[in-house]
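Enquirer: A single structure is presented below for examination.
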Amino acid sequence: MAAIPAGVIARLKGARHVVVFTGAGASAESGIPTFRDQQSGLWRHFDVQSLATPEAFDRDPALVWGWYEWRRVQVLASEPNAAHHAIAGLAARVERPTLITQNVDDLHERAGSRKVLHLHGRLCAPYCSACRSEYQAAPQPLQAQAGCRLEPPRCDRCGGRVRPGVVWFGECLPSGPWEQSVEAACRCDAFLCIGTSSLVEPAAGLTRAAIAAGAVTVQVNLDSTCLDDFVTLNLRGPAATVLPELLADVWPAVE
Ligand code: BV8
Ligand code: ZN
């Protein structure tokens, strides 16, 4: 990792409220595909309009449910990586950490992070598309494959179709997590933006809000993004290597 300027280290160390904001790149080294990467991104191989919109589910529920089951099975077979563990470890070392994720996996929780603000929902929390009640029957892991069609289960209460527990394009973000995230971004002293292309709104606006609020902002990414010129520091490299080093440098573990 490139040397971090002493001034940035000092500002990070002095921060009372630290926000960590993660995207698909944080889970990439756990084997979960990102969305927009040239080679392996999901949207390079699948059509977003046919899979990640409410209209797609209305049109072809089995196609959409099968695709999300395939992704859920991928997550079940994966493990948190060093980036997830480093973030979870931060809770014991900084005063007020807030963890916000766009990821629909549960790898932050499995690494030990307790409170995670999920802006785009969770693959493991399907609910009824008619009455919105949670789908209680724990779905069993199965051998779903890319492109397989699976009929979604029916709601125990009203018989409506159960849908994946994610936020699709054109849908509003869950109000509680979103409001808490905006509040945290606007009030934090340090904001770490990890493995996101910052192309999806309104989530990407959180980093801009932190910049506008005068927080020290650090972006960890393999590649350049539209925010490179605006953040305080860009650390180029894989999150599972760069983030543990950064956090250990700034907030060493208490023996
Ligand atoms: C909404 C869940 C109100 C489902 C997802 C303003 C301007 C333009 C458009 C809009 C706008 N406001 C709203 C929109 C429309 C739209 C939008 O943003 N469109 C964009 C893309 C043009 N937004 C919405 O529709 C949102 N809702 O606005 O509601 C509303 C309602 C009705 C009518 C009007 C308004 C809802 C958006 C939620 C969409 N749901 N997914 C699912 O998972 O299938 S989005 C999807 O993108 C994922 O959830 C993901 O979390 C999110 C963000 O992507 P990233 O995490 O950044 O992933 P990406 O692949 O892009 O980037 C990975 C990065 O990691 C790369 O930079 C790469 O270099 C880096 N990387 C890779 N490996 C590593 C790494 N970095 C470090 N280490 C590594 N190892
Ligand atoms: Zn129902």
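The values are calculated or read from the model by the stated rules, or taken from the named source; none is laboratory data. The structure displayed is predicted, hence computed values, not measured ones. All Cβ positions, even for glycine, are placed from backbone atoms using ideal geometry, and neighbour counts span all protein chains on display. Just so you know, the surface numbers come from the protein's heavy atoms only, side chains and all, with ligands and any DNA or RNA stripped out. Shrake-Rupley method; radii C 1.70, N 1.55, O 1.52, S 1.80 Å.
Enquirer: Based on what the data block shows, is Phe46 within 11 Å of ligand 1 (Cβ to nearest atom), among the hydrophobic types (A, V, I, L, M, F, W, C) and not assigned by TED's automatic domain parsing to the domain that holds Val200? Can you show your working first?
Expert: Numbers: within 11 Å of ligand 1 (Cβ to nearest atom): yes; among the hydrophobic types (A, V, I, L, M, F, W, C): yes; not assigned by TED's automatic domain parsing to the domain that holds Val200: yes.
When the stated conditions are applied, Phe46 passes them.
Enquirer: Looking at the structure I just gave you, is Val242 open to solvent by 20 Å² or more (accessible area, probe 1.4 Å), within 12 Å of ligand 1 (Cβ to nearest atom) and in contact (Cβ under 8 Å) with a residue 60 or more places away in the chain?
Expert: Numbers: open to solvent by 20 Å² or more (accessible area, probe 1.4 Å): no; within 12 Å of ligand 1 (Cβ to nearest atom): yes; in contact (Cβ under 8 Å) with a residue 60 or more places away in the chain: yes.
In short, no.
Enquirer: Can you name every residue in the range 55-109 that is within 21 Å of Ala248 (Cβ to Cβ) and among the aliphatic types (A, V, I, L, M)?
Expert: Ala82, Ala83, Ala86, Ile87, Ala88, Leu90, Ala91, Ala92, Val94, Leu99, Leu107
Enquirer: Does the range 7-15 contain at least one residue that is surrounded by fewer than 17 Cβ atoms within 10 Å (Cβ to Cβ) and without any contact (Cβ under 8 Å) to a residue 12 or more places away in the chain?
Expert: The answer is yes; a qualifying residue exists.
Enquirer: Still on this model: Any chance you could count how many residues in the range 146-159 are buried (at least 17 other Cβ atoms within 10 Å of the Cβ) and touching a strand residue (DSSP E or B) at 6+ places or on another chain (Cβ under 7 Å)?
Expert: Initially, the range 146-159 is screened for residues buried (at least 17 other Cβ atoms within 10 Å of the Cβ), giving 150, 152, 155.
Adding the requirement that they be touching a strand residue (DSSP E or B) at 6+ places or on another chain (Cβ under 7 Å) leaves 152, 155.
Within the range 146-159, residues that are buried (at least 17 other Cβ atoms within 10 Å of the Cβ) and touching a strand residue (DSSP E or B) at 6+ places or on another chain (Cβ under 7 Å) number 2.
Enquirer: Please go through the range 120-143 and give me each residue that is at pLDDT 70 or above, assigned to a loop (DSSP other than H, G, I, E, B) and more than 16 Å from ligand 1 (Cβ to nearest atom), ordered by number. Before you say what the answer is, go through the steps one by one.
Expert: Going through the range 120-143, the residues at pLDDT 70 or above turn out to be 120-136.
Going one step further and asking which of them are assigned to a loop (DSSP other than H, G, I, E, B), we end up with 120, 122-126, 129-133, 135-136.
Matches in the range 120-143: Ala130, Cys131, Arg132, Ser133, Tyr135, Gln136.
Enquirer: Something else now. Check every one of the strands (runs of 3 or more DSSP E) wholly within the range 183-241 and list those with 3 or more residues that are touching a helix residue (DSSP H, G or I) at 6+ places or on another chain (Cβ under 6 Å) and either over 21 Å from Ala15 (Cα atoms) or not aromatic (Phe, Trp, Tyr) (or both).
Expert: Numbers: elements: 190-194, 216-221, 233-236.
Filter on the range 183-241 gives 190-194, 216-221.
Enquirer: Among the residues in the range 94-107, are any more than 22 Å from Ala28 (Cβ to Cβ), crowded, with 16+ Cβ neighbours inside 10 Å, modelled with pLDDT of 95 or more and within 16 Å of ligand 2 (Cβ to nearest atom)?
Expert: no
Residue-by-condition table, conditions (1) in a helix (DSSP H, G or I); (2) in contact (Cβ under 8 Å) with a residue 12 or more places away in the chain:
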| position | (1), (2) |
| --- | --- |
| Ala26 | yes, yes |
| Ile32 | no, yes |
| Arg36 | no, yes |
| Gln39 | no, no |
